[in-house]
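Q: For reference, the structure I am asking about is given below.
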Amino acid sequence: MIPLQGLAVAVVGIAIVFGCAAAVYRDASRIGVSRPGLWGGLVFATCGSGLGIYLAPPDVPIPGLLVIVLAGPALYLFERDDTKHGDEAADPHALPDDPGDAPGEGHDE
């Protein structure tokens, strides 16, 4: 028989994995990232494999497990940032999304 604690971790973990994948898919669709299903699937695969590795063997090094779990969301965030900001050249005199940076305004040099 499976211990109650292991079952609870599995159920809550599966809910979190599905929730993370759904949130990434929804955000990717809203922002306009290409292939939102692929990004949701990548997050599901990395987080789900991390959960499976955590539940399967008794001794898992936590730093390695965190690398596996965070790989999908980190790659998605890089793609999201690239989609949101595009290929525009970086302006060394302004921060991204600066509220004082309106189109057509020049910068004082």
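Q: Ranked by Cβ crowding within 10 angstrom, fewest neighbours first, how are S49, S29, S34 ordered? Each step should come with its number before you reach the end.
A: Working: S49 16, S29 13, S34 9.
By the 10 Å Cβ count, ascending, the order reads S34, S29, S49.
Q: Only helical DSSP H runs with n ≥ 4 go in: add -39500 (n - 2.57) per run for the chain, normalise by residue count and round the 222 nm mean residue ellipticity to 500 deg cm²/dmol.
A: Numbers: 3 runs with 72 residues, N = 109.
About -23500 deg cm²/dmol.
Q: With a 10 Å Cβ neighbour count serving as the proxy for reagent exposure, in which order, fewest first, do Y54, Y76 appear? Walk me through the numbers before you get to the answer.
A: Numbers: Y54 16, Y76 23.
Starting with the residue having the fewest Cβ neighbours, the order is Y54, Y76.
Q: What number, in percent, do you get for the relative contact order of the range 4-85 if the mean sequence gap of Cα pairs under 8 Å and at least 6 apart is divided by its residue count? Provide the component values of the computation, followed by the final result.
A: Working: 70 pairs, mean separation 25.6, N = 82.
For the range 4-85, the relative contact order is 31 percent.
Q: Can you give the FRET efficiency for I16 and D81, using 1/(1 + (r/R0)^6), R0 = 22 Å, r = Cβ-Cβ distance, to the nearest 0.05? Show your work: numbers first, answer last.
A: Numbers: r = 24 Å, r/R0 = 1.07.
Efficiency, rounded to the nearest 0.05: 0.40.
Q: At what distance in nm do the modelled label points of A56 and A94 sit from each other, each positioned 7 Å from its Cα along Cα→Cβ?
A: Distance between label points: 5.0 nm.
Q: Running Debye on the range 7-63 with equal point scatterers at the Cα sites and no solvent, what base-10 log of I(q)/I(0) appears at q = 0.28 Å⁻¹?
A: Those come out to -1.04, one per q.
Q: PRE reach from L7 (point 7 Å along Cα→Cβ): which of the range 32-67 fall under 18 Å by backbone N?
A: Those under the cut-off are 55-56.
Bear in mind that the values in this text are calculations on the coordinates, not laboratory data. Note that the structure is predicted; figures quoted are calculated from it, not measured. Cβ: placed from backbone, ideal geometry, glycine included. Neighbour counts: every protein chain shown.
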